[in-house]
1. Residue by residue through the range 113-150, note down the ones that are part of a loop (DSSP other than H, G, I, E, B), among the small types (Gly, Ala, Ser) and in contact with a helix residue (DSSP H, G or I) (Cβ under 8 Å, 6 or more places away or on another chain).
2. Would you pick out the residues in the range 226-264 that are part of a helix (DSSP H, G or I) and small (Gly, Ala, Ser)?
3. Would a scan of the range 74-89 turn up a residue that is over 16 Å from the mean Cα position of the chain (by Cα) and either of a type in the set (Ser, Thr, Tyr) or in the same structural domain as Ala15 (by TED's automatic domain parsing) (or both)?
4. Looking at Arg124, is it modelled with pLDDT under 90, among the charged types (D, E, K, R) and either within 23 Å of Gly62 (Cα to Cα) or buried (at least 19 other Cβ atoms within 10 Å of the Cβ) (or both)?
5. Is it the case that Ile101 is part of a strand (DSSP E or B) and among the aliphatic types (A, V, I, L, M)?
6. Which condition number does Val78 fail, the rest of (1) assigned to a strand (DSSP E or B); (2) out of contact with any Gly (no Cβ under 8 Å at 6 or more places or on another chain); (3) under 22 Å from Ile160 (Cα atoms) being met?
7. Would you check if there is a residue in the range 225-242 being touching an Asp or Glu at 6+ places or on another chain (Cβ under 6 Å), in contact (Cβ under 8 Å) with a residue 24 or more places away in the chain, of a type outside the set (A, V, I, L, M) and surrounded by fewer than 16 Cβ atoms within 10 Å (Cβ to Cβ)?
8. Are any residues in the range 140-175 modelled with pLDDT under 80, among the aliphatic types (A, V, I, L, M) and surrounded by 15 or more Cβ atoms within 10 Å (Cβ to Cβ), and if so, which ones?
Amino acid sequence: MWDKPTQRRLAAVLAADIAGYTRLMEQDTDATVAAWHNARANVIDPQITAHAGRIVKHTGDGFLAEFPTVQDAVKCAVAMQERLAGSALDFRMGVNLGDIIDDGEDIYGEGVNVAARLEGLAERGGICVSGDVFNQVRNRIDTKFDDKGEQEVKHVSAPIRVYALRLEAATISHLDSTAVTDKPSIAVLPFDNLSGDPEQAYFADGMAEEIITALSHYRWFFVIARNSSFTYKGRAVDARQVGQELGVRYLLEGSVRKAGNRIRVTAQLIDARTGGKDVRSGFREVPPYDGGGIRR
């Protein structure tokens, strides 16, 4: 007889699994297990902790986590998918807000069941959320959503309103998971505004965003999305630490300085493994930014 106390509450639940896990295990068991352990140690567990969540359990090909708020859960899902872009594994994630039963060891209930169904509806490298989650976060996070309409899912009586997060184009596309580790990865950090004119800060941000977008068009690059790289804005950073946190080999950093009627833009590429700078560097002078877009 089960005599442990249980608790019922409303919670934000994140469910995730590895797409094509059985096939990957059949092809190369050791490599798949190693990639799964690496993803857990370097991305999944640290990001869940950083977003105030807790791992409820790891499964053979995924995990279940609980968060105090839906905003924490969605931000964590986005951060994980961006950092897992360099993994040989493709993850699908679902986030739901609903009632759960907590027995101290595991969580159950419709809140968990719906999160698992949402995960099953997500694309490789994608995230799906319920309508309740969307209503809570749509004006709180800088992410666009695609309305997938009401979906009938197994073991849930009423249709679920589903929204898919539209991750930025700069987030790496999972087109070839077998070759993902062979492609160079890069993060473009926010450019520093070295001018006395605070309005040039908009130009500096725009310059970095233009470079992110341009690089993301090259399919042989893995480019970290703006949402992740811009968390370092205004911070003194250590290249090797940032490289480890973002999971990239190279960093591009730069600055903008207004001099008279010209703007001087300087950039340099850094090898994040060694911290070595000036792999490539250069500058260009461009006309001042007038609010109408960045001149090329």
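1. From the range 113-150, those part of a loop (DSSP other than H, G, I, E, B) are 122-126, 138-143; that's our starting set.
Imposing the further condition that a residue be among the small types (Gly, Ala, Ser) reduces the set to 122, 125-126.
Answer for the range 113-150, where residues must be part of a loop (DSSP other than H, G, I, E, B), among the small types (Gly, Ala, Ser) and in contact with a helix residue (DSSP H, G or I) (Cβ under 8 Å, 6 or more places away or on another chain): Gly125, Gly126.
2. Of all residues in the range 226-264, those part of a helix (DSSP H, G or I) come to 226-232, 239-246.
Residues satisfying the conditions are Ser228, Ser229, Ala239, Gly243.
3. Our first condition is that a residue be over 16 Å from the mean Cα position of the chain (by Cα); within the range 74-89, this holds for none.
The answer is no; no qualifying residue exists.
4. On the way: modelled with pLDDT under 90: yes; among the charged types (D, E, K, R): yes; either within 23 Å of Gly62 (Cα to Cα) or buried (at least 19 other Cβ atoms within 10 Å of the Cβ) (or both): yes.
Spelling it out, Arg124 is indeed modelled with pLDDT under 90, among the charged types (D, E, K, R) and either within 23 Å of Gly62 (Cα to Cα) or buried (at least 19 other Cβ atoms within 10 Å of the Cβ) (or both).
5. Details: part of a strand (DSSP E or B): yes; among the aliphatic types (A, V, I, L, M): yes.
It is true that Ile101 is part of a strand (DSSP E or B) and among the aliphatic types (A, V, I, L, M).
6. Answer for Val78: the failing condition is (1).
7. Checked the range 225-242: no residue is touching an Asp or Glu at 6+ places or on another chain (Cβ under 6 Å), in contact (Cβ under 8 Å) with a residue 24 or more places away in the chain, of a type outside the set (A, V, I, L, M) and surrounded by fewer than 16 Cβ atoms within 10 Å (Cβ to Cβ).
8. Scanning the range 140-175 gives Val153, Leu167, Ala170, Ile172.
The values are calculated or read from the model by the stated rules, or taken from the named source; none is laboratory data. Treat the numbers as computed from the prediction; the structure is a model and nothing was measured. We place every Cβ from the backbone using ideal geometry, glycine too, and count neighbours over all the protein chains shown.
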